[in-house]
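Heads up, the thing below is written out as structure tokens.
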Amino acid sequence: MSKAKKPAVATDDSVGYAEAVAELEAILEELESDDVDVDALAEHVQRASQLIELCRERIGKAKLRIEEVVTQLDND
């Protein structure tokens, strides 16, 4: 059974969006396998929740930055 990579805490700025998505995919792959480690299931679900929150936060920040740039362009 493959182990999902466990980087630093999800709110750590060193974890990028692409890295978070890759870890989510690894967790999903492990959970979909026939050999799910039930003892680690709650941990995987908690980590996935943290990663989803991180991704939503990053997308929200990017959206705000894009809106600021577009507004600036409209004003110029």
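Read-outs throughout are calculated quantities, based only on the coordinates presented, and are distinct from any laboratory measurement. Bear in mind that the values here come from a model prediction, so they are computed numbers and not experimental data.
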Quiz prompt | Residues with amide H under 5 Å from that of residue 15, placed H, sequence gap 5 or more | solution = none
Quiz prompt | Hz values of 3J(HN,Hα) by residue in region 42-55 - Karplus curve (6.51, -1.76, 1.60), Gly and Pro given as x | solution = 4, 5, 5, 5, 5, 5, 4, 4, 4, 5, 5, 4, 4, 5
